[in-house]
Amino acid sequence: MKIKIRTLAILSLICFIQPAYAERPINEMPMYDGKHDPEVPENKEVSKGASDLGWKYYDKGDYDTAIKRFNQAWMFNRNNPEAFWGFGVIMGIRAMEEDPEKNLNESIQYLEKAGKLLNDNPRLMVDLAYSEAMLGAFLKGNQREDFQNHFNKAANLFKKSEGLEKNYPLLYSNWAILEFSEENYAVAKEKLDTAKKLGAKINPDFENELETKLKGTRK
């Protein structure tokens, strides 16, 4: 089965917001938040159609509707990797708005599940690395322990992805964010320049912040 490739949106570094708990219906939570386990016969064709529709809503930025479709995809095929991939990227996006630590951990959990089903998909690795990097950045910014472990996991994933697909723009733009978070600003600039050469759309706020940091190191 050919998997449609989707990625996390390019976002600026996580804002270190206080946790906020949004009240959402269970059909807007991955796997119905464990509160709904419908007994339906497996139907891989219906599952694929639902996940395809989920990606269409994802591309439109309608993440709540997208996750409903990914839930349907999971309901008809509990091993549909696209459903878990969709859960993972959407929880990563939600982490930018509410409860970063919890949502990033969930993002990592679902992306790891998708990764086991897809066997070394380089673009999935980039999404997983991004969530690991963002969790590391959140922990570091809040003076929490174990942030370096997440940075190391992200770096290893980026390197492995590069070994499989070198011309993927988002690989380098997200890798730049990791290097920025580790205060390796010159390396971050190199990664960002590579991403731009490959046609990546760069967040201007991030690029400006990186230039400011580079100017500070040159003084």
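Please report, in whole Å, how far the alpha carbons of region 16-94 spread along each principal axis, starting with the longest.
In descending order, the Cα extents are 42, 27, 17 Å.
Just tell me, in residue order, which DSSP H segments of the chain are both 27 angstrom or longer along the helix axis (alpha-carbon based) and at least 0.0 in mean Kyte-Doolittle hydropathy. Intermediate values should be presented prior to the final figure.
Details: long enough: 122-141 (28 Å, 0.57).
Helices meeting the criterion: 122-141.
May I ask you to list the lysines whose Cα is less than 29 Å away from that of Lys213, ignoring any residue fewer than eight positions away on the same chain?
Candidates past the 8-residue exclusion: Lys140, Lys153, Lys159, Lys160, Lys166, Lys189, Lys191, Lys196, Lys197, Lys201.
Could you check the simple spin-label distance between Asp205 and Arg144, using points 7 Å along Cα→Cβ, in nm with one decimal?
Here the answer is 2.1 nm between the modelled labels.
Provide the packing ranking of 38-46, 154-162, 66-74, i.e. peptides ordered by the mean count of other C-beta atoms within 10 Å per residue, highest first.
Working: 38-46: 10.3, 154-162: 20.0, 66-74: 24.9.
Per-residue mean Cβ counts within 10 Å order the peptides as 66-74, 154-162, 38-46.
For a paramagnetic label modelled at 7 Å from the Cα of Glu183 toward its Cβ, which residues of region 144-160 fall within the zone defined by backbone nitrogen distances under 18 Å?
Zone members listed by number: 144-152.
As an exercise, take the mean of 1/r over every pair of distinct alpha carbons in region 103-219, invert it, and state the Kirkwood radius in angstroms. Spell out each step's value before the answer.
On the way: mean 1/r = 0.0691 Å⁻¹.
Mean inverse Cα-Cα distance, inverted, gives 14.5 Å.
Can you tell me the relative contact order of region 123-219? Whole percent, Cα pairs under 8 Å, sequence separation 6 or more. Intermediate results must be reported in sequence, preceding the final value.
On the way: 104 pairs, mean separation 23.7, N = 97.
So the answer I get is 24 percent.
Taken together, the values in this text are just the output of simple stated rules run on the coordinates, not laboratory data. Treat the numbers as computed from the prediction; the structure is a model and nothing was measured. Note that we place each Cβ from the backbone using ideal geometry, even for glycine, and neighbour counts take in every protein chain shown.
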